[in-house]
Amino acid sequence: MSAIARLSRTNGRAGMPSAESGIQGRGPVGKAFGYAAMVLVLLIIAVPLFWIVVTSFKRQENIYVRPAEYLPIPFHPENYSEVTSRIPFSAYFRNSVIITFFTASIKIVLGVLSAYALSLLRFPGRNLLFVVILAALMVPNQITVISNFALVAQLGWRNTFQGIIIPLCGTAFGTFLMRNQFLSLPHEIIEAARMDGAGPLKLLWRVVMPLSWPTLVAFSLITVVNEWNEYLWPFLMSDDARTAPLQVGLTFLQNNDGVTNWGPVMAGTVLTILPVLLLFLVLQRQMIKGLTSGAVKS
Amino acid sequence: MATVLFDEATRHYPKTPTPAVDKVTLEIPDGEFLVLVGPSGCGKSTTLRMLAGLEPIDGGRILIDGHDQAGVRPRDRDIAMVFQSYALYPNMSAFENMAFALRNAKVAKPEVEQRVREAAKILELEDLLTKKPGQMSGGQRQRVAMGRAIVRQPKVFCMDEPLSNLDAKLRVSTRSQIAQLQRRLGVTTVYVTHDQVEAMTMGHRVAVLKDGRLQQVDTPANLYDRPVNTFVASFIGSPAITMTRSAVREGEVTVHGLPVALDRATLSTASGDVVVGFRPEAWEVVGAGRPGIDVRVELVESLGSEAFVHGEPERVVDDATVALGSERITFKVIGKTDLDVGDTVRVAPIAQHAHVFDAESGARLS
Ligand SMILES: Nc1ncnc2c1ncn2[C@@H]1O[C@H](COP(=O)(O)OP(=O)(O)OP(=O)(O)O)[C@@H](O)[C@H]1O
Ligand SMILES: [Mg+2]
């Protein structure tokens, strides 16, 4: 959610004003509406998050009470140790990292290379191919999941990493996003590089990619978050700690005893959110940096 | 070192009614500085891009050193281009920008270093080599763009309005620098501009383009003295030539009511009406008693040593005279002038300086 909001701001160079300047540029009524909308969005995102964190520190008997308790008193951090003792948390974590790393890497490489071919290399039928790729990958996951499952099971790939990773690697979003980015580059720079004797890969690596850094970071971040949060397919593909990621592991936590103790589940959820959050904080400055400045006269 | 030949080269962009470059035939000898001028949208950039291989050719041929360039990729043509927007690589320092092409060509490291340093010295860029384009001024970027072209020691330079984004003062100094540099390096150069002064001062020859068609290629002096048609006459020269359409009667034309005797041989080739043009210096101010045209002064551009006076001729009721476009007369006065806006002054054209064109075709008669 916020990743996408941020993304649209990085691309906002083309004319979309950023949230702040947009609000400042309007009259008092517009401003009031702007802030109201911001507060609303904040609440929609923040309240559930707050509730997750608070619950993760509550004892079980403090969770289902009326009136609701907004602070975890008594403080009960034992939920966190319970997560790691009741399920093989570190194994799930490792699986998540492996799956996310490979799926995201493949997606990013495929997205960049296909976008490059579809925007800067000339070949007949280029636009048609682009439409076909988009159309094929616009088909919702849920429709293809059954046939994918049948195929992968037939290959004997259940409970294997390749069974989880490979079917997740198609990307239309990345192709689309990076293609638009590449097309928005000043074409004279690309022509200059071509005249300077840069071959296709050198052109991509030394000229096109450095100019597209913010978009690439945004795309990578969204991809990593999406892969990290991927649930349905890994859930179908794996049912034990050898290959299942954290998201699937959390469900095992939930079903282990008759009445779910939400404290440890929420603690697990918080632990699952943390790595992505950290990544976000580290990378967000990279996305905002405009790297095209000075390339061409404005 | 190379010769360039455009042989009826044509570029017709898809979904446009007329070709952007229409059968241009142009021979550029080795080492020449050729300036390409014309109004906006006349196809200058397209012509240059065709030569560089960035634009396909829909008809005719382009030859470099006698070799047809059809199917030769831009990187294999050995042409260096200076873009209007400079198109520097923003992620690279000035040094890397200049070295990029050499490294791609696998030139040995010490030689890359040496060639870049040499170019930097010529262009006075030595202090900037570690800076990135974002940290440079417009003039500095322009020089880096030039440097990137000259380190390659290419067969041909293509420059597309490289000075248009500089301020007036910098433009004047850079103009002569580029011209000198070209003379020194002796590299065949095609230089696009729509600036009069650049066209008249920088090149060995000037090619005038209009609507994708080549109008005239000649030395700046010949272009000014013997324009082949009314378009070239009015495009070249600043302030512009004053032109009037007139009927021909017994060796005379009528300019704003004033009969002017012209060369009979010239006039005899006219099929109908003619267009007569006089440059600003082809007018003289005459006393009130002598035949002339009374002009009400509208604008005086005084340059100190000389002045250009723009004015509207007082109405003359004469069917034979129709002014072309604006009915203004522009004439030059040597030295200081005490003419002021609103004054009336009597001027007369000097007949032997007349440019005479056919009114229908616009072609020069003589
Ligand atoms: N990619 C294109 N597709 C279609 N038409 C084009 C394209 N590029 C240029 N044209 C048209 O071709 C004609 C010539 O364009 P060109 O850019 O060569 O003009 P120019 O002489 O360089 O003008 P300027 O002085 O404004 O730079 C113009 O009418 C323009 O509209
Ligand atoms: Mg142009």
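Would any residue of segment B:132-162 have its amide N under 13 Å from a label point 7 Å out along Cα→Cβ of B:Ala105? List them or say none.
Counting only backbone N, you get B:148-157.
When only alpha-carbon atoms count, how far does chain B stretch along each of its three principal axes, as whole angstroms with the largest first?
Principal axes ranked by extent give 78, 46, 35 Å for the Cα atoms.
Roughly how crowded by other chains is peptide B:78-87, in terms of the mean Cβ count from those chains within 10 Å of each of its Cβ atoms?
Per residue, the number of nearby Cβ atoms from other chains is 5 on average.
I'd like to check one number: the per residue accessible area of chain B, probe 1.4 Å, reported in Å² as a whole number. All intermediate terms of the calculation are to be shown ahead of the outcome.
Working: 16340 Å² over 366 residues.
Here the per-residue accessible area is 45 Å².
Starting from the amide H of B:Glu284, placed 1.01 Å from N in the peptide plane, find each other amide H under 5 Å away whose residue is 5 or more places distant or on another chain.
Sorted by chain and number, the residues that satisfy this are B:Ala348, B:Ile350.
Pop a pseudo-label 7 angstrom from the Cα along the beta-carbon direction at both A:Arg158 and B:Ser361 and give the gap in nm to one decimal.
Here the answer is 8.9 nm between the modelled labels.
How about segment B:40-137: which trypsin sites (Lys or Arg not before Pro) there lie in a loop by DSSP and see at most 11 other Cβ atoms within 10 Å?
Passing both the DSSP loop test and the Cβ count: B:Lys106.
What list of ³J(HN,Hα) couplings, whole Hz, do you get for segment A:265-276 from phi and the Karplus terms 6.51, -1.76, 1.60, once you set θ to phi - 60° and write x for glycine and proline?
Each residue of segment A:265-276 in turn: 4, 5, 4, x, 4, 4, 5, 6, 6, 3, x, 5 Hz.
Using helices alone, I'd like the mean residue ellipticity at 222 nm for chain B: each DSSP H run of four-plus residues gives -39500 (n - 2.57), total over residue count, nearest 500.
-7000 deg cm²/dmol
How many nm separate the modelled label positions at A:Leu183 and A:Gln286, each set 7 Å beyond the Cα in the direction of the Cβ?
2.6 nm
Would you mind estimating how fast the protein assembly as shown diffuses translationally, via Stokes-Einstein at 25 °C and 0.890 mPa s with the Kirkwood radius over Cα pairs, in µm²/s?
Translational diffusion coefficient: 78 µm²/s.
Whole Å is fine, so just give me how far the alpha carbon centre of segment A:66-81 lies from that of segment A:233-252.
28 Å
Please list B:Thr174, B:Thr269 from largest to smallest accessible area, probe radius 1.4 Å, with all protein chains kept in place.
Greatest to least solvent exposure: B:Thr269, B:Thr174.
Please compute the Kirkwood hydrodynamic radius over segment B:241-358, one decimal place, Å, based on all pairs of different Cα atoms.
Kirkwood radius, segment B:241-358: 14.5 Å.
Looking at the square roots a ≥ b ≥ c of the eigenvalues of the Cα gyration tensor of segment B:180-312, which shape do they give, rounded for a/c under 1.5, prolate if a/b is larger than b/c, or oblate?
oblate
As a test of the definition: with a 1.4 Å probe, what buried accessible area, both sides summed, do you compute for B against A, in Å² to the nearest 100?
It comes to approximately 2200 Å² buried between B and A.
What Kirkwood radius, in Å to one decimal, follows from the Cα pairs of segment B:50-125?
That comes to 14.5 Å for segment B:50-125.
Which one, B:Ala120, B:Val37, B:Val206, is farthest towards the positive end of the dipole of segment B:4-230 when Lys and Arg carry +1 and Asp and Glu -1 on their Cβ?
So the residue furthest toward the plus end is B:Ala120.
May I ask you to rank A:His76, B:His355, B:His67 by accessible area, largest first, using a 1.4 Å probe over the protein chains only?
Ranked from most to least accessible, the order is B:His67, A:His76, B:His355.
Take the Cβ-Cβ distance between B:Ser268 and B:Asp338 as r, set R0 to 51 Å, and report the resulting FRET efficiency rounded to the nearest 0.05.
FRET efficiency, B:Ser268 to B:Asp338: 0.75.
Search the structure for amide H atoms under 5 Å from the amide H of B:Leu36, placed 1.01 Å from N in the peptide plane, and list their residues when 5 or more places away or on another chain.
B:Tyr191, B:Val192, B:Thr193, B:Ala207
Per residue, what volume in Å³ does the Cα convex hull of chain A take up?
Hull volume normalised by residue count: 185 Å³.
Which value, in Å² and to the nearest 10, is the accessible area of B:Ser234 when all protein chains are kept and the probe is 1.4 Å?
Per-residue accessible area (B:Ser234): approximately 50 Å².
Which residue fluctuates the most in chain B, going by a Gaussian network model with Cα springs under 10 Å, if the choices are B:Leu170, B:Leu88, B:Leu214?
Evaluated over chain B, the most mobile residue of the options is B:Leu170.
Can you pull the mean other chain C-beta count within 10 Å for peptide A:193-205?
The mean count of partner-chain Cβ atoms within 10 Å per residue comes to 6.
Sticking with the crude label model, points 7 Å out along Cα→Cβ, report the distance from B:Thr18 to B:Glu314 in nm, one decimal please.
Here the answer is 4.1 nm between the modelled labels.
Quick one: which residues, 5+ away or cross-chain, put their amide H under 5 Å from the amide H of B:Arg213? H built at 1.01 Å from N.
So B:Arg213 has HN proximity to B:Asp22.
What are the ³J(HN,Hα) values, in whole Hz, obtained from phi via the Karplus relation 6.51 cos²θ - 1.76 cosθ + 1.60 with θ = phi - 60°, for each residue of segment B:11-27 in sequence order, with x given for Gly and Pro?
Those phi angles translate into 10, 10, 5, x, 6, 10, x, 10, x, 6, 10, 10, 6, 7, 10, 7, 10 Hz.
At a Förster radius of 45 Å, what calculated FRET efficiency corresponds to the Cβ-Cβ distance of B:Val172 and A:Val29, to the nearest 0.05?
Using R0 = 45 Å, I get an efficiency of 0.25.
Using a 1.4 angstrom probe on heavy atoms only, work out the carbon and sulfur share of the accessible area of the protein assembly as shown in %.
Carbon and sulfur: 59 percent of the exposed surface of the protein assembly as shown.
Please turn the phi angles of segment A:215-229 into ³J(HN,Hα) values with the Karplus equation 6.51 cos²θ - 1.76 cosθ + 1.60 (θ = phi - 60°), one per residue in order, whole Hz, x for glycine and proline.
The phi angles translate into 5, 5, 4, 4, 4, 5, 5, 4, 5, 4, 4, 4, 5, 4, 8 Hz.
What ranking of B:Asp30, A:Asp240 comes out by heavy-atom accessible area, probe 1.4 Å, highest first?
Accessible-area ranking of B:Asp30, A:Asp240, largest first: B:Asp30, A:Asp240.
The values are calculated or read from the model by the stated rules, or taken from the named source; none is laboratory data. Remember, it's a predicted structure, so these values are computed and weren't measured experimentally. Cβ coordinates were reconstructed from backbone atoms using ideal geometry, including for glycine residues, and neighbour counts include every protein chain displayed. Side chains are part of the model used for accessible areas, which takes the heavy atoms of the whole protein and leaves out ligands, DNA and RNA. Shrake-Rupley method; radii C 1.70, N 1.55, O 1.52, S 1.80 Å.
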